[in-house]
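Q: Sharing a structure here in structure tokens format.
Throughout, read-outs are computed from the coordinates displayed, never taken from laboratory work. Keep in mind it's a predicted model, so treat the numbers as computed, not measured. Here the Cβ positions follow ideal geometry from the backbone for every residue, glycine too, while neighbour counts run over all protein chains shown.
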Amino acid sequence: MNTKYQIYQGDCHEILPTLADNLVDVVIADPDYGVGINYNKRYENWSVSVPKKTPRDLTEDLIPFLTECRRIAKRDIVTFWSGSIGRIHDFLDIVEGKFNVQYMGIWYKPNGAGPTGNGLSRRFEVWFWIEGKDKRKGEWRFLSDVIQENRITRISKESLKHPTQKPIALMEKLVRFFSRRGDTVLDPYLGSGTTMRACQNTGRSCIGIEINPIFCEMARERVFGQQYFGREVEYEFNVH
């Protein structure tokens with residue numbers, strides 16, 4: 001089995017239109033949810049600026065983004081989204097009549113964030129299974145629609161200090177259910193490379209796109225064993 005891994009540095013909204021039809025088997029995406037969170041990290045001798053997008057920008061981006069994913073993927077699109085009831089309604093309103101949303105699953109985080117202003121602790125995010133064009137059986141025949149995995153914190157063993165890093169075990173479960181060994185997965189918001197690392201662990205090929213060069217370096221170190229330069233830098237970006 002010949003597996004390949006490729007990372008594009010840049011804006012996925014600009015890179016996706018350059019990719020061929022039916023290039024990959026499955027798209028697994030973790031986009032900006034539009035919840036209005038900014039992260040500011042201060043590091044030394046390096047500066048990266050990623051433009052902040054408003055919720056309206058993200059709304060306008062969503063349909064073109066999913067349209068490109070549908071063209072590039074032979075089968076399914078799986079996308080994470082905020083667990084906020086308002087953001088879930090926004091997502092479903094935007095895609096209604098344009099995409100086939102097969103199912104909504106839950107990522108349950110026992111160690112989720114603390115209470116909000118209404119006293120409720122934030123313990124889940126959702127993921128949508130979109131399209132499902134005659135879904136071929138993956139490596140796993142069954143997967144719970146509620147997946148329990150602790151969120152990655154700064155003190156987690158696998159933490160790379162990426163602020164919204166997903167656990168490898170979570171991504172491996174989705175990869176195994178939606179694909180088979182030897183398939184190719186596209187992650188248009190690669191971040192620190194968790195999806196690509198999950199593909200590497202399970203025998204899939206993977207294409208990743210990431211706008212932030214710092215995160216590209218994190219991903220390259222995880223997947224290719226290249227030394228992450230490790231210099232502390234200053235950058236600004238939106239949650240995804």
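Q: Can you list residues from other chains, or at least 5 along the same chain, whose modelled amide H is less than 5 Å from the amide H of Tyr189?
A: Amide H to amide H, under 5 Å and 5 or more residues apart or across chains, Tyr189 pairs with Asp30, Ile209.
Q: Contour minus end-to-end for Ile106 and His13, with contour as 0.36 nm per residue of separation and end-to-end as the Cα-Cα distance?
A: Gain on stretching Ile106 to His13: 30.9 nm.
Q: Still on this model: With each pseudo-label sitting 7 Å past Cα toward Cβ, what's the Lys4-Arg122 distance in nm, one decimal?
A: 3.9 nm
Q: Also, quick follow-up: Can you list residues whose amide H is under 5 Å from Asp183's amide H, if they're 5+ apart or on another chain and H is modeled 1.01 Å from N?
A: Ser205
Q: Something else now. Using the number of other C-beta atoms within 10 angstrom as an exposure proxy, rank Asp145, Asp187, Asp61, Asp30 with the fewest first.
A: Asp145, Asp61, Asp30, Asp187
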